[in-house]
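Here is the structure we will look at, set down as structure tokens.
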Amino acid sequence: MHGVYIVVCYIANAGLRDDWKKYTSKENGRKRFQVDLEIGLMEFGIRYDWGDVNDPDKKPKWMRQMKSYPCDCKMCFFCKEGFTDGIYHKPQQQGTSKASHRKRKKRRNQYVQPSVRDSQDHVIAVHVIKSIG
């Protein structure tokens with residue numbers, strides 16, 4: 001995989017394929033390359049195994065035989081061929097903001113340090129309760 005990516009970057013930097021310039025980005029160029037390669041390989045595999053895409057009776061057995069799920073990515077095989085149906089609702093983002101992540105991380109690092117040998121059992125119990133909660 002890495003060797004193929006290096007070759008793609010070399011070809012893009014040499015100016016032989018301008019549409020591959022997006023893969024040379026240091027932020028997420030490799031990720032874009034891997035995702036595009038994956039989508040291309042899946043599309044090739046589906047077309048190869050299906051044979052006649054216009055005939056739903058020749059659909060491979062490993063593929064979903066019922067109606068397709070709604071999708072609106074315009075990148076996958078099913079969107080390109082118009083096999084998706086229904087109303088697509090974008091999922092709501094459930095990510096956390098950086099501030100709440102920092103607070104949660106800070107709370108996690110506050111452990112009670114054993115200071116006296118006699119209270120070691122108490123300290124272990126506190127550690128167990130904090131790790132559960």
| message | For region 24-51, which positions are assigned to a helix (DSSP H, G or I) and acidic (D, E)? | response | D36, E38, E43, D49
| task | Take the residues in region 1-49 that are hydroxyl-bearing (S, T, Y) and over 20 Å from M75 (Cβ atoms), then tell me which one is farthest from the chain's Cα centre (by Cα). | result | Y10
| said: All but one of (1) modelled with pLDDT under 80; (2) surrounded by 10 or more Cβ atoms within 10 Å (Cβ to Cβ) hold for Q94; state the number of the condition that does not hold. | reply: (2)
| said: Testing Q34 on (1) more than 15 Å from I6 (Cα to Cα); (2) surrounded by 12 or more Cβ atoms within 10 Å (Cβ to Cβ); (3) among the polar types (S, T, N, Q), one condition comes back false. Which one is that? | reply: (1)
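The values are calculated or read from the model by the stated rules, or taken from the named source; none is laboratory data. Here the structure is a predicted model, which means the values were calculated and not measured. Note that each Cβ is placed from the backbone with ideal geometry, even for glycine, and that neighbours are counted across all protein chains shown.
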